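Encoded as structure tokens, the structure appears first; notes follow it.
Each value in this text was obtained by applying a stated rule to the coordinates, not by laboratory testing. A quick note: this is a predicted structure, and the numbers were derived from the prediction, not measured. No Cβ is skipped: glycine too gets one built from the backbone with ideal geometry, and neighbour counts run over all protein chains shown.
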Amino acid sequence: MYSPMEIEGIDYEIKPMNCPFHIAIYKNSLKSYREFPIRYAELGTVYRYERSGTLHGLLRVRGFTQDDAHIFCREDQIEDEILKVLEFTLFILKTFGFHDYDIYLSTRPEGFVGSLENWERSTDALKRALDGKGLSYSIDPGAGVFYGPKIDIKVKDSLKRAWQCSTIQVDFNNPERFDVTYRGSDGKEHRPIMIHRALMGSLERFFGILIEHYAGAFPVWLSPVQAAIITIAERHADYASAVASRFKAKGIRTELDIENEKIGRKIREATIRKIPYLVIIGDKEISEEKLSVRRRNGETLAPMTEKDFLELIQDHINLRR
């Protein structure tokens, strides 16, 4: 049992990363070569001590949630699995609107475990995957983790600041240290290879980067509120409430503002909150059965039917525009 360690007057205890727990799940039953690859994933809480002066909002915290996953595979499957993880990672970054990033291949550090042969095999597998995808990357000498080399992807936000997010690591060592095996086609026991991967890294940091990247003006599909329905006068409340109910039934995240306030103030408040679409309802809109729609940038669209507006906003959502 570990004794607590005191840091800044607070007692701390050591907690393992998620890797040993996934290994324990793997070892719950005998595994055959036919079952590979085996993939485990979780949103796991991990901790890292950061000095008080370095803590910074969501971007640098002591406890965070990691989209952690471990792939157990045969040696002949390493390159294919790395390629799939790379494709998945780039898809995630593109979906969230990150198109500018730097890729690094981090190699063996001075303090490492395992054989040089395994390190070379792991590094070569990562390099072949990057070359196979035609990706440009830089070598980051000695920046690998102690148990294996890795691919790091640093995304750049709208201000061109680089942030470490995605990582892919090849690990020959933990399977050996934890005596992880599988039954091969020859009936003998063999060691699998582990691939560690995190697509976003720290979810807290990733959301912090998203907020900075978009300055809070999220794409429609990502916005907490996608449409605000605003009435001009109290007499328009019932009609606006019915429209809001139909929007919500179609899966649109809708907010209804029927407060007895001046229309200019309502629009200003919704614009400050950066809600993508503002739908204004007054006498004209009710009589003509058309919506007056305004974008958060101040652009006013031509009057449109409720059906046309729903098609417009759902198109933006479905295509992740």
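Fewest-first ordering of 181, 123 by other beta carbons within 10 Å of each residue's beta carbon gives 181, 123.
With a simple spin-label model that places each label point 7 Å from the Cα along the Cα-to-Cβ direction, the separation between residue 162 and residue 46 comes to 2.0 nm. Secondary structure note: in segment 220-318, about 40% of the DSSP beta bridges are antiparallel.
Taking 0.36 nm per residue of sequence separation and removing the Cα-Cα distance, the residue 12/residue 233 pair yields an extension gain of 73.8 nm. Is any residue of segment 7-33 close enough, with backbone N under 19 Å, to a label point placed 7 angstrom from the Cα of residue 113 along the Cα-Cβ axis, and if so, which? Counting only backbone N, you get 14-27.
By its C-alpha gyration tensor, with a ≥ b ≥ c as the square roots of the eigenvalues, how is segment 242-316 shaped: rounded for a/c under 1.5, else prolate for a/b larger than b/c, else oblate?
On the way: a/c = 1.36, a/b = 1.19, b/c = 1.14.
Rounded, because the longest to shortest axis ratio a/c is under 1.5.
Normalised by 2.2 N^0.38 Å, where N counts its residues, the alpha-carbon radius of gyration of segment 5-214 equals 1.07.
Each part reduced to its alpha carbon centroid, segment 87-158 and segment 1-75 end up 20 Å apart. Between 123, 25, 151, the Cα set farthest toward the positive side of the dipole of the chain (charges on each charged residue's Cβ, about the Cα centre) is that of 151. For the chain, adding -39500 (n - 2.57) for each run of n ≥ 4 DSSP H residues and dividing by the number of residues yields -9500 deg cm²/dmol at 222 nm.
Here the Karplus relation 6.51 cos²θ - 1.76 cosθ + 1.60, evaluated at θ = phi - 60°, turns the backbone of segment 115-125 into coupling constants of 8, 4, 4, 5, 5, 5, 5, 5, 5, 5, 5 Hz, with x for every Gly and Pro. Annotation: amide H of residue 228 within the under-5 Å range of 255, 277, 278, 279, sequence separation 5 or more or interchain, hydrogens built in the peptide plane.
Axis angle, to the nearest 10 degrees, between helix 237-249 and the longest C-alpha principal axis of the chain: 30 degrees.
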